[in-house]
Structure formats: C-alpha cells, structure tokens
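Asker: One structure is given below, represented as structure tokens, and several questions about it will come after.
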Amino acid sequence: MASDITKKNVTEPDGILLIDKPAGMTSHDVVWKVRKLFGTKKVGHTGTLDPMATGVLVVLLGRSAKACEYVSHDEKLYKAILRLGLTTDTEDVTGAPLSVSENIPSPAQVEEILPHFRGNILQVPPMYSALKVNGRKLCDLARAGETVEREARPVEIKELTLSPTDSPTDYELTVRCSGGTYIRTLCADIGAALGCGGVMASLRRMEAGGFSIDSCTTPDALQDMEPDSRLKLLLPVEELFSNLDAVHLPDFYRTLCRNGCEIYQSKIGTDHPTGTRVRLCDHQGHFFALGEVGEYENGTAIKAIKIFVL
C-alpha cells in the first residue's frame with residue numbers, strides 16, 4: 001500500500017502484531033519483549049490477558065499504538081474451563097480457597113442454568129482486576145487486604161455453550177462476549193447460581209479485535225525470526241477498523257481534513273448518522289485517519305479524531 005509517511009518514520013516499525021500469549025507471561029511481559037525485538041518503545045496492546053490465560057493478544061507498534069482507545073472491534077471469543085465445587089478470592093484456581101463443596105450438579109442441571117447468563121447481563125468486577133477506584137487498582141487494594149464496593153456493569157454474552165470433560169467438576173465453556181467481560185466472574189456467578197461455587201480453571205482467548213488465534217505468532221517464534229521476517233508480520237493499522245465504512249476524500253478535502261477541518265457530508269455526498277466513526281481514505285483508497293461524524297453549524301460533518309499516516 002502506498003503512503004506518504006515522512007522520512008522520519010519510514011524505518012520505525014508500525015502496525016499490528018498478533019501474539020499467542022503463553023501462560024505465565026503478563027501482557028506487559030509481551031510488550032517488553034516486542035519492544036526489545038523491534039527496537040522501539042512505541043508498543044501497546046488492546047486488551048490485557050491474565051498471566052494464567054493464553055491466546056490472542058493484539059499488540060500495536062509505532063503510530064498504531066495510539067489506536068488502543070479507538071479500537072472498535074470489542075467482541076471476543078474465549079474457551080474456558082469452569083470448575084465447580086470451589087470458590088477462591090481471585091475467582092480462578094490461582095487464588096486462595098474460600099469454600100469447597102462436594103455437591104456437584106449434573107450436566108443437565110448445569111445446562112439448565114446457562115440461559116440466565118446469555119444476552120445482556122450485569123457483572124460485578126472482581127477485586128483482583130486492573131480496574132481503578134480513586135486512582136488505585138482493585139488488585140492492589142485486594143493484595144493489601146482491602147475490599148471496596150464495585151458497581152455492577154452491563155456486559156453482553158452473545159454465545160455461551162458448555163461441554164462436559166472427563167472430570168465431573170469441569171466443563172469447557174465457549175463464550176463470545178462484549179469487551180470488558182470477566183470470564184472469571186462468569187464462572188464464579190454460574191457456580192453461585194448452582195449453589196456449589198465455581199472458579200475458572202483455564203482460559204484461552206480465541207478471537208479479539210476481529211483477529212483469530214490462527215493468525216498469531218508465539219513470543220518464542222518471534223524471538224527466533226530474522227528482523228525482516230518479524231517486520232513482515234505487521235498488519236496495517238487500518239485492519240483494526242475494517243468493520244467501519246470507508247469515506248474517500250478528494251485531495252482538496254483530504255488536505256482540509258488533515259489540517260483539522262470538519263468536512264461537511266453535503267459536500268462529499270455521504271449521509272452517516274451523528275456519532276458514526278469512519279475510515280478516512282484518500283481518493284486512491286489509502287487509509288490515513290479515523291473520523292467521526294458530528295453536528296456543526298451548517299449540518300453534519302466528518303472530522304478526523306486520529307491521524308495515523310503523516
């Protein structure tokens with residue numbers, strides 16, 4: 001794809017890197033490793049995975065790192081193991097046990113409870129999470145022995161299916177959900193509804209940001225690659241916004257847009273509703289910015305909210 005990136009940024013790695021995070025590494029560990037291997041400090045990611053979790057971690061390099069707050073694909077797909085008969089302070093098997101029950105329900109009973117957890121539900125974020133209260137992370141408060149009230153938040157469980165395993169206490173869950181959903185809390189809530197308690201025994205993220213685990217590379221494989229091979233793995237930042245409509249601007253309006261001006265839809269023949277986000281491209285179809293439709297003095301107009309190609 002042609003671009004007009006300035007010479008200053010030509011050699012700077014820029015784009016999307018899809019990592020299959022292994023168990024035992026934090027998301028920050030992955031970011032640190034990518035920074036070292038690509039020789040850049042401009043690295044971020046679009047969604048934290050707990051150290052015990054594995055799977056898709058979308059890592060952003062260069063100017064693409066500034067896209068984190070604008071990522072529009074917030075749907076995720078997980079495979080998890082629900083373990084019944086146990087509760088812990090972290091809602092997963094890494095925590096301190098709080099209760100143990102031998103009254104394990106049958107597969108039919110577990111299946112019967114699932115409809116209550118499909119669709120739009122409310123979740124209380126776990127204490128062991130990165131959410132902040134008064135500037136402090138909940139997990140830091142929890143480690144200090146403090147517990148604070150957390151408001152229930154709406155999340156959407158778009159798909160929730162269950163398969164028995166060889167163990168009578170363990171079930172494999174397939175969960176497609178909105179961003180911000182805690183699978184640990186889902187397991188704990190299912191266990192609570194069944195009356196026996198439940199925790200998350202394992203978690204693997206299969207999809208995130210519209211990207212599949214099949215497209216990911218492990219940190220070890222990345223380490224073994226030559227620098228040129230690593231660079232070839234980078235995807236264009238535009239793919240983060242592939243579900244948004246593209247608006248192609250003639251050179252005149254493209255220049256105005258890049259200079260911070262709003263572009264009235266009546267001038268370019270579009271009619272997107274207020275609040276809609278769009279991909280802004282030049283007349284040849286080359287992506288350069290993320291735009292948003294707003295109300296202005298003379299009608300609705302599109303304005304760039306983040307420029308990615310200088």
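Asker: Restrict the check to region 178-187 and report whether at least one residue is touching a residue at least 40 places away in the same chain (Cβ under 8 Å), closer than 14 Å to I104 by Cα and β-branched (V, I, T).
Answerer: Keep residues of region 178-187 that are touching a residue at least 40 places away in the same chain (Cβ under 8 Å), which gives 178-187.
Applying the additional criterion that residues be closer than 14 Å to I104 by Cα yields none.
No, region 178-187 contains no residue that is touching a residue at least 40 places away in the same chain (Cβ under 8 Å), closer than 14 Å to I104 by Cα and β-branched (V, I, T).
Asker: Show me the strands (runs of 3 or more DSSP E) entirely contained within region 13-115 in which 2 or more residues are among the polar types (S, T, N, Q).
Answerer: Details: elements: 15-21, 43-45, 54-61, 76-84, 86-88, 97-100.
Those strands (runs of 3 or more DSSP E) span 86-88.
Asker: Six or more apart or on different chains, Cβ atoms under 8 Å: show the pairs whose first residue is in region 23-45 and on the phi > 0 side of the Ramachandran plot and whose second is outside any helix (DSSP H, G or I) and open to solvent by less than 20 Å² (accessible area, probe 1.4 Å).
Answerer: Listed by first residue and then by second, the contacts come to G39/P13.
Asker: Then there's this: Where the second residue is of a type in the set (S, T, Y) and assigned to a loop (DSSP other than H, G, I, E, B) and the first is more than 24 Å from R153 (Cα to Cα) and lies in region 97-125, which pairs have Cβ atoms under 9 Å and are six or more apart or on separate chains?
Answerer: If the second residue must be of a type in the set (S, T, Y) and assigned to a loop (DSSP other than H, G, I, E, B), the pairs left are I104/T169.
Here is a yes/no grid of residues against (1) of a type in the set (G, A, S); (2) in a helix (DSSP H, G or I); (3) under 30 Å from L37 (Cβ atoms); (4) modelled with pLDDT under 95:
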site	(1), (2), (3), (4)
T147	no, no, no, yes
I157	no, no, no, no
S163	yes, no, no, no
L186	no, yes, no, no
D189	no, yes, no, no
A192	yes, yes, no, no
R204	no, no, yes, no
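Asker: Oh, and also: Output the qualifying pairs, or none if there are none: Cβ atoms under 8 angstrom, residues six or more apart or on different chains, first residue in region 265-279 and farther than 15 Å from R254 by Cβ and of a type in the set (V, I, T), second residue open to solvent by 70 Å² or more (accessible area, probe 1.4 Å) and not in a helix (DSSP H, G or I).
Answerer: Pairs that qualify, where the first residue is farther than 15 Å from R254 by Cβ and of a type in the set (V, I, T) and the partner is open to solvent by 70 Å² or more (accessible area, probe 1.4 Å) and not in a helix (DSSP H, G or I), are T274/E295; T276/D245.
Asker: Sticking with this one: Residues of region 152-189 being hydrophobic (A, V, I, L, M, F, W, C), open to solvent by less than 20 Å² (accessible area, probe 1.4 Å) and farther than 26 Å from V133 by Cα, which ones?
Answerer: Within region 152-189, L160, L173, V175 qualify.
Asker: Which one is modelled with the lowest pLDDT, of the residues in region 64-80 that are more than 12 Å from L240 (Cβ to Cβ) and surrounded by fewer than 21 Cβ atoms within 10 Å (Cβ to Cβ)?
Answerer: Within region 64-80, the match that is modelled with the lowest pLDDT is E75.
The values are calculated or read from the model by the stated rules, or taken from the named source; none is laboratory data. These figures come from a predicted structure and were not determined experimentally. Please note: Cβ atoms are built from the backbone with ideal geometry, for glycine as well, and neighbour counts cover all protein chains shown. These accessible areas exclude ligands, DNA and RNA; they are computed on the full protein's heavy atoms, side chains included. Shrake-Rupley method; radii C 1.70, N 1.55, O 1.52, S 1.80 Å.
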